[in-house]
Amino acid sequence: MPILNNQRHERMARSLAEGKPVVQAYEDAGYKPNRSNSHRLKENEGIKSAVAELKGKAAAKLEITLEKLLRDLEEIKANAKRDKQHSAAARATELQAKLAGLMIERREVTNLNAEIDFTRLTEADRRSIDAMIEKVSAPVRRH
């Protein structure tokens, strides 16, 4: 793909391909700071294509491909098995599965600083909260 006709678009695409945040890439391209406009411009087809091409070139330059990563992990796993390093072999297998899209890592995010207006809770809400607290609390010994 040739260089984009709009120099600002080209600079933004290059910044995005380098991994810079959208707002910073927008400003680096010469635009005044504007969060909304930066996200809208990021969705421009020309910019999206340029970013994909630049990232592809960078990966090819480094010769990083999914197949190569999987091969490297297979070699690491074989060496770990040979050396009876079972946890390293298991980790290599786990990474292979993640790269192949067979495993998705999920984490629960909680806001411990959330403010709850307890005056607006229904009785059912209170029972539900009490049940959750009881479930995660350590068991209490009763005599």
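Name the residues in segment 43-59 that are open to solvent by 70 Å² or more (accessible area, probe 1.4 Å) and not in a loop (DSSP other than H, G, I, E, B), would you?
Keep residues of segment 43-59 that are open to solvent by 70 Å² or more (accessible area, probe 1.4 Å), which gives 43, 45, 48, 55, 57.
Correct list: Glu45, Lys48, Lys55, Lys57.
For residues that are of a type in the set (Asp, Glu), modelled with pLDDT of 80 or more and assigned to a loop (DSSP other than H, G, I, E, B), tally how many sit in segment 92-139.
0
If Ser87 meets every condition in (1) under 30 Å from Val22 (Cα atoms); (2) free of Cβ contacts under 8 Å to residues at least 12 places away in the same chain; (3) in contact with a helix residue (DSSP H, G or I) (Cβ under 9 Å, 6 or more places away or on another chain) apart from one, which number is that one?
(1)
Of everything in segment 1-23, what is surrounded by 14 or more Cβ atoms within 10 Å (Cβ to Cβ), polar (S, T, N, Q) and more than 12 Å from Val51 (Cβ to Cβ)? Give them in sequence order.
Hit for segment 1-23 is Asn6, nothing else.
Being within 28 Å of Ser15 (Cα to Cα) and out of contact with any helix residue (DSSP H, G or I) (no Cβ under 9 Å at 6 or more places or on another chain) is true for just one of Glu53, Glu123, Glu45. Which residue is that? Explain how you work it out, then say what you get.
On the way: Glu53 fails: out of contact with any helix residue (DSSP H, G or I) (no Cβ under 9 Å at 6 or more places or on another chain); Glu123 fails: within 28 Å of Ser15 (Cα to Cα).
Within the list Glu53, Glu123, Glu45, the selection yields Glu45.
Does Glu63 satisfy the condition of being within 30 Å of Ser15 (Cβ to Cβ) and without any contact (Cβ under 8 Å) to a residue 12 or more places away in the chain? Full working, then the answer.
Details: within 30 Å of Ser15 (Cβ to Cβ): yes; without any contact (Cβ under 8 Å) to a residue 12 or more places away in the chain: yes.
Answer is yes for this residue.
Show the residue pairs meeting these rules: Cβ distance below 9 Å; 6+ apart or different chains; first residue within segment 96-107 and over 17 Å from Thr65 (Cβ atoms); second residue basic (Lys, Arg) and at pLDDT 75 or above.
From residues that are over 17 Å from Thr65 (Cβ atoms), the pairs are Ile104/Lys98; Glu105/Lys98.
Out of all the residues in segment 65-90, which are under 20 Å from Leu102 (Cα atoms) and either open to solvent by 80 Å² or more (accessible area, probe 1.4 Å) or in contact with a Ser or Thr (Cβ under 7 Å, 6 or more places away or on another chain) (or both)?
Going through segment 65-90, the residues under 20 Å from Leu102 (Cα atoms) turn out to be 65-77, 87-90.
Within segment 65-90, Glu67, Arg71, Glu74, Glu75, Ile76, Lys77, Ser87 qualify.
Of everything in segment 32-42, what is open to solvent by 50 Å² or more (accessible area, probe 1.4 Å) and either of a type in the set (Lys, Arg) or touching a helix residue (DSSP H, G or I) at 6+ places or on another chain (Cβ under 8 Å) (or both)? Give them in sequence order. Steps first, please.
Keep residues of segment 32-42 that are open to solvent by 50 Å² or more (accessible area, probe 1.4 Å), which gives 32-37, 39-40, 42.
Of everything in segment 32-42, those that are open to solvent by 50 Å² or more (accessible area, probe 1.4 Å) and either of a type in the set (Lys, Arg) or touching a helix residue (DSSP H, G or I) at 6+ places or on another chain (Cβ under 8 Å) (or both) turn out to be Lys32, Pro33, Asn34, Arg35, Asn37, His39, Arg40, Lys42.
The values are calculated or read from the model by the stated rules, or taken from the named source; none is laboratory data. Source: prediction; values computed, not measured. In this analysis, Cβ positions are derived from the backbone assuming ideal geometry, glycine residues included, and neighbour counts consider all displayed protein chains. Ligands, DNA and RNA are stripped out before the accessible areas are found, and what is left, the full protein with its side chains, is counted by its heavy atoms. Shrake-Rupley method; radii C 1.70, N 1.55, O 1.52, S 1.80 Å.
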